[in-house]
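Remarks on the structure that follows.
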Amino acid sequence: MIVRRCAGGVVFHANQVLLVKNDRGEWTLPKGKISGMYMAQESAIARVKDETGIDAKLLDIAGDTIYEFFSRSRQQRVCNAINWFIMDAPNTECKISSEFLEGGFYKVKDALEMLNHNKEKSLVEISYKKYKEVKKIAD
C-alpha cells in the first residue's frame, strides 16, 4: 500500500463552501499530495489555487483525516493522510481544473448533502463554525 501525506482546504466565501467533483463522480474538497519540501499549509494553499483558481487565505487548522482507496492508475491501495485548513476566498470566481468534472461554491447546507464522504461532511460542519467565529473577530 502507498501512504501519501496530503493537504487540503475547506474554503469558504460567506455562507458557501468550495467543492469539486472528481473523476469518480464524487463531490469532495480540494486536496492533494504534499510535494517536496513544502509545508502542509503551503501545499493546501497551492492545491486550492491549482485545482480551482481560488487565491484563498489560510485562517485556521481544520483537522486531519485518513482514508484508503483503490487507485485505478496505480492498481493498488492508497492511504491518504490529509491535513486540512480552513480558508477564506476573496470571491467565488472559479477556474476548475480539467482533472475534475465540475466544481464551485455551494451553500453549506447544500454542500453537506452533496459531499460523498461522512468525514468530509463533519469537517465542513466543524470548519464552518470556526470560520464564522474567526470572521466575526476579524471583521
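Hey, can you grab everything whose amide H is under 5 Å from the amide H of D60? Only 5+ residues off in sequence or another chain; H modelled, so Pro and N-termini drop out.
I86
Which entries in the list K57/K132; K31/K121; K21/K109; K49/K136 go over 23 Å, if you measure between the two C-alpha atoms of each? Display every interim value, and only then the final one.
Working: K57/K132 15 Å; K31/K121 15 Å; K21/K109 17 Å; K49/K136 25 Å.
Flagged as over cut-off: K49/K136.
How big is region 1-81 on each of its three principal axes, counting only the C-alpha atoms and giving the largest first in Å?
39, 31, 21
Label point 7 Å out from D110 along Cα-to-Cβ: which residues of region 11-36 have amide N under 13 Å?
15-19
Fully extended, how many nm does the chain gain between E93 and Y67 (0.36 nm per residue separation, minus their Cα-Cα distance)?
Between E93 and Y67, full extension yields 6.4 nm more.
Whole angstrom only: what separates the Cα centroid of region 80-124 from the Cα centroid of region 9-28?
2 Å
When the chain is modelled as a GNM with alpha-carbon springs shorter than 10 Å, which of K107, K57, K129 fluctuates the most?
Highest fluctuation among the options: K129.
Before rounding to the nearest 500, sum -39500 (n - 2.57) across all DSSP H runs of length at least 4 in the chain and divide by the residue total; then give [θ] at 222 nm in deg cm²/dmol. Let's see the in-between values first.
On the way: 3 runs with 41 residues, N = 139.
Roughly -9500 deg cm²/dmol at 222 nm, from the helical runs in the chain.
Under the 0.36 nm per residue contour assumption, what length would be gained going from the current alpha-carbon distance of D60 and N118 to full extension? The partial results should precede the final answer.
Working: separation 58, 0.36 × 58 = 20.88 nm, distance 2.11 nm.
Gain on extension, D60 to N118, equals 18.8 nm.
Tell me, what is the percent relative contact order of region 2-138, built from C-alpha pairs under 8 Å that lie six or more residues apart?
Value for region 2-138: 33 percent.
Using 1/(1 + (r/R0)^6) with R0 = 22 angstrom and r between the beta carbons of R24 and A46, what's the FRET efficiency to the nearest 0.05? Could you put the intermediate results ahead of the total?
Details: r = 23 Å, r/R0 = 1.05.
In this case the efficiency is close to 0.45.
On a full-extension model of 0.36 nm per residue, what is the gain between A81 and M39, subtracting their alpha-carbon distance, rounded to one decimal in nm?
On the way: separation 42, 0.36 × 42 = 15.12 nm, distance 1.41 nm.
Gain on stretching A81 to M39: 13.7 nm.
Per 5 Å bin from zero, what fraction in whole % of the C-alpha pairs of the chain is there, up to the bin with the longest pair?
Whole-percent P(r) values from 0 Å outward: 2, 11, 21, 25, 23, 12, 5, 2, 0, 0.
Every read-out reported here was derived from the displayed coordinates using simple, explicitly stated rules and does not represent laboratory data. Here the structure is a predicted model, which means the values were calculated and not measured. Backbone-built Cβ (ideal geometry, glycine too); neighbour counts: all protein chains shown.
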